[in-house]
Amino acid sequence: MSRMAGGAMPKPSEQAKAAFTNLVPDEPAVTVRPMFGNLAAFVNGNMFAGLFGEDLFVRLPDDQSSPIRKQGGRDFEPMPGRAMRGYVTVPATWRTKPAATTAWVTASLAFTRGLPPKAAAGKKAAAKKPSGAKKKPGAR
């Protein structure tokens, strides 16, 4: 069984980190930062790709992720049985097939760039408050 003791997250190798960093487009709107001991790439605050151990995952709509699954990709499940909807783990050959991998990352970036920007962490609580009746403009 490949479960890690104590539910620890898998860690990527330095080679996987370097390969991932090279795949992520170098644009001002794109950031790469650590996430659960791995690396993830974000655009406008939304995650579009990342590493989970040695695995690469991308965010795509179902019609674009379906062909990836047919090539050996699978649902991204950071916890067994708990797939993250909208994310797909690409085939394990992602480092040896750079053309396909670059296309998947590029498509993921384009798709995620079209999503509404995510609010900063400190603003989440305010954004989640239920809204009552609509207020008049300028009302407090």
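Would segment 62-72 turn up any residue that is buried (at least 21 other Cβ atoms within 10 Å of the Cβ), closer than 19 Å to ASN38 by Cβ and without any contact (Cβ under 8 Å) to a residue 40 or more places away in the chain?
Scanning segment 62-72, I find no residue that is buried (at least 21 other Cβ atoms within 10 Å of the Cβ), closer than 19 Å to ASN38 by Cβ and without any contact (Cβ under 8 Å) to a residue 40 or more places away in the chain, so the answer is no.
Do we have PHE36 as buried (at least 20 other Cβ atoms within 10 Å of the Cβ) and not hydroxyl-bearing (Ser, Thr, Tyr) here?
Judged against the criteria, PHE36 is not a match.
Among the numbered conditions (1) at pLDDT below 95; (2) under 20 Å from VAL32 (Cβ atoms), tell me where LYS97 comes up short.
(2)
Of all residues in segment 99-122 being in a helix (DSSP H, G or I) and without any contact (Cβ under 8 Å) to a residue 40 or more places away in the chain, which is nearest to GLU27 (Cα to Cα)?
Only one residue tops the list, namely ALA110.
Looking only at segment 78-94, which residues are of a type outside the set (D, E, K, R), surrounded by fewer than 23 Cβ atoms within 10 Å (Cβ to Cβ) and part of a loop (DSSP other than H, G, I, E, B)?
Result: PRO78, PRO80, GLY81, ALA83, MET84, GLY86, PRO91.
In contact with a helix residue (DSSP H, G or I) (Cβ under 9 Å, 6 or more places away or on another chain) and either without any contact (Cβ under 8 Å) to a residue 12 or more places away in the chain or farther than 20 Å from ASN22 by Cβ (or both), is that true of VAL58?
no
Which residues, counting only those in segment 4-24, are over 14 Å from TRP94 (Cβ atoms) and either at pLDDT 95 or above or exposed (fewer than 13 other Cβ atoms within 10 Å of the Cβ) (or both)? Quick ask: steps written out before the conclusion?
Filtering segment 4-24 for residues over 14 Å from TRP94 (Cβ atoms) gives 4-11, 14.
Hits for segment 4-24 are MET4, ALA5, GLY6, GLY7, ALA8, GLU14.
The values are calculated or read from the model by the stated rules, or taken from the named source; none is laboratory data. Predicted model, so just to flag it, every value in this text is computed and none were measured. Reconstructed Cβ throughout: ideal geometry from the backbone, glycine too, with neighbour counts over all protein chains shown.
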